[in-house]
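One structure is given below, encoded as structure tokens.
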Amino acid sequence: MHAAASNDKAQGTGEQVVILYGTDTGVTEGLAKKFSGLCTERGMRVTKCVDLDEMSEVEDIKEAAKTNLMVIMCATCGHGDFPANASLFWSSIASLDVAPGAFKGMRYCVFGMGDRSYADSFCEAAKLIDNRLLELGGTKVLEMGIGDDRDEDKWETGFNEWLPKFWEAVKAAEPTDDGSPKPPLFDVKIWDGAAIEPVQICPPGSTLLEIGENKRMTPSDYVRDIRHFSLITKGNDLPFDLGDAVAVYYENIPQDVEEALKWFGLNGDAVTTVSCISDRVSQRHKEAFKQRVTVRQLVTEMLDLFGRPTKSACKDLARFATSSAEKKALLQLPTKAGEKDWKELVDASASFFDLCKKFPSAKPPLDQLLSIVPLIKPRLYSMASSPFYDQERLDLTIVINQWKSPGTGKIATGVSTKFIQQVPVGRKVAVQVVCGTFKFPRDEVTPMVMIGLGTGIAPIRSFLQDKLYMKKKGVKTGPMIVFYGCRTEKEELLYKDEWAMFKREGVLTELIGAFQFDTPGKQVFVGDKMAERKSLLTDNLLGKEGYFYMCGPAVATPSVQKALKAAVASEGKKGEAGAEKWFETFMHDGRYSEESY
Ligand SMILES: Cc1cc2nc3c(=O)[nH]c(=O)nc-3n(C[C@H](O)[C@H](O)[C@H](O)COP(=O)(O)OP(=O)(O)OC[C@H]3O[C@@H](n4cnc5c(N)ncnc54)[C@H](O)[C@@H]3O)c2cc1C
Ligand SMILES: Cc1cc2nc3c(=O)[nH]c(=O)nc-3n(C[C@H](O)[C@H](O)[C@H](O)COP(=O)(O)O)c2cc1C
């Protein structure tokens, strides 16, 4: 049955490889484990696949590099920061104490994970590692690969381009593959007749928080559903800083889960124990399977069954198709010949589960579903509250992400926000604090000029709360200027009463609304309002050396930056070239922060 794996060794080079990963929200860890499996299939010997900090001593790195090819896969977090489990590694190799040429003889390559909307820190951590290893005498067997969140297939696009080059560099021949299923990574035991009170799975590093409020803020008959989503932190040890974000582990909604259980012929109430029989499984799997769980929990809390499928999912699924026509069609989908069919699926907003339903003969059993379906990836939300102002709650502002599928005209909803839209108050949700990207002035009097677009107003609300907290403690506070961009004032200007309160309390200097559709015959954007208020910008940013914050959709960044530079060029009398130069220094000094998505 598992011929794909058993033939592999004979094909390979026997090369030994150490895979080190730096991960913040777990995606790079998953990739590293997957890559480890692919290396093994090609006859390479993966001697280690661990996080970067597990090999943070320079001597250990040197020792491993004597006999191993070193492959480093690293995400960038914060704003150009190293993930927490890579910081020791970086401080070791970046140290001036490491002698030049220390890594002579080391063969290595790097794969960076990032998001190109972080233009000035795109894959910064991976790039730094790549350059430093070279500087210390290492030999790059391959140029750095990049997995970009913004690509069509997210990181898989870049990985699928890089991988053949890697095989070529290490001369690893393609394994023979008869297309049959690979061995599962898990052993699932079903306890017939047993019943348990399911205990919600809490992924490593996350905390289960009770939902205190889930309130729609836009009118119920309005097209966009924007929510105030509040989590109770009281009684939990969940330290967070101003400007942090939270990763929310969404769950699949009950209607979808029940349909999937039926489709795969699974009994949702069945109690299981799952053993990890491969070392290629993630820490998140290992932790989750320390407890007994029901099959329904696995489908609800772990499997990313209802998100957009990747092209590689087609190949995985094809292994289970009993109809040869379906197998052929599934294998064709990720290729050039399948482009049209693939586009049709994407245009219909098809999910992994939709793909399964389209090819009904391909029904992987539970152990294989666990092996081939990716884990639910948490979604990030900016903190909309200050940890000091309200020490018992943590607020988020979430817009339910809906779009019209171009192929079918049907309205589709994103997986995480579909959950947010339905989840009742009182339920618990797993969340993890993620370091924010914002930089703050050292004192409270330095002006803050903030641009909040749509739900980008969330962090700005938290900044104002924080300022109010400081003011109430008797600290002198400086100007806080908000440019608030949204579609319409009546429906979309969120937290109306609070802006009035912040003004009354003397912490909000001015709130300037840019309501896109409120002026007949003209669309108004934040950039237009910035152009009308040039002196407000220059007085606070040039004269008083204030800080600037851009929060919200990444698409708006260029126009906001353009308006800022235009104000500095004309009102600030620096001219175009001078404004460009000023902006560079402004960013370099950490006075420009951006949280865009
Ligand atoms: C640092 C940071 C802070 C953020 N802060 C906030 C915040 O404060 N508030 C907020 O509302 N959001 C915020 N976000 C965005 C948030 O993390 C999510 O991206 C957003 O809620 C959408 O998630 P989703 O799972 O509902 O949509 P997803 O399912 O991830 O869908 C995202 C997009 O992918 C496409 N897509 C999805 N599925 C398919 C399919 N099957 N076929 C074809 N196309 C598909 C669609 O274009 C869709 O719009 C933030 C993001 C970041 C990175
Ligand atoms: C809060 C936050 C900050 C980020 N900062 C950057 C960045 O500065 N540069 C970049 O290229 N990518 C950045 N990213 C994108 C991540 O590197 C990317 O999503 C990666 O796949 C995450 O991998 P991980 O789950 O292994 O941490 C950021 C992501 C988040 C959530």
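The values are calculated or read from the model by the stated rules, or taken from the named source; none is laboratory data. Since this is a predicted model, take the numbers as computed values, not measurements. When we count neighbours, we look across all protein chains shown, and the Cβ atoms used for this are built from the backbone with ideal geometry, even at glycine.
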Seminar exercise, completed: The correct count of residues that are of a type in the set (A, V, I, L, M) and either crowded, with 21+ Cβ neighbours inside 10 Å or assigned to a strand (DSSP E or B) (or both) in the range 195-233 is 7
Exercise. Taking into account only those residues within the range 313-334 that are surrounded by 12 or more Cβ atoms within 10 Å (Cβ to Cβ) and not in a helix (DSSP H, G or I), which is modelled with the lowest pLDDT?
Worked result: 334
Exercise. Just one of 271, 248 is in contact with a Lys or Arg (Cβ under 9 Å, 6 or more places away or on another chain), buried (at least 21 other Cβ atoms within 10 Å of the Cβ), touching a residue at least 40 places away in the same chain (Cβ under 8 Å) and of a type outside the set (Gly, Ala, Ser); which is it?
Worked result: 248
Problem set entry | Only one of 52, 88, 134 that is within 30 Å of residue 590 (Cβ to Cβ), away from ligand 1 (no atom under 16 Å from the Cβ) and without any contact (Cβ under 8 Å) to a residue 12 or more places away in the chain | 134
Problem set entry | Residues satisfying the stated conditions in the range 160-193, i.e. outside any loop (DSSP other than H, G, I, E, B) and out of contact with any Ser or Thr (no Cβ under 9 Å at 6 or more places or on another chain) | 161, 162, 163, 164, 165, 166, 167, 168, 169
Exercise. Quick check: anything in the range 473-482 within 16 Å of ligand 1 (Cβ to nearest atom) and either modelled with pLDDT of 95 or more or not assigned by TED's automatic domain parsing to the domain that holds residue 120 (or both)?
Worked result: yes
For this session: Mind listing whichever residues of the range 130-174 are away from ligand 2 (no atom under 16 Å from the Cβ), over 23 Å from residue 89 (Cβ atoms) and in contact with a helix residue (DSSP H, G or I) (Cβ under 8 Å, 6 or more places away or on another chain)?
Result: 163, 172, 173, 174
For this session: Taking residue 96 as meeting all but one of (1) under 27 Å from residue 168 (Cβ atoms); (2) free of Cβ contacts under 8 Å to residues at least 12 places away in the same chain, write down the number of the exception.
Result: (1)
For this session: Report whether or not residue 360 is closer than 19 Å to residue 373 by Cα and more than 16 Å from ligand 1 (Cβ to nearest atom).
Result: yes
For this session: Please find, within the range 234-258, the residue that is farthest from the chain's Cα centre (by Cα) out of those that are acidic (Asp, Glu) and in a loop (DSSP other than H, G, I, E, B).
Result: 237
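Within the range 399-439, which residues are closer than 25 Å to residue 84 by Cβ and crowded, with 19+ Cβ neighbours inside 10 Å?
Hits for the range 399-439 are 416, 429, 430, 431, 432, 433, 434, 436, 437, 438.
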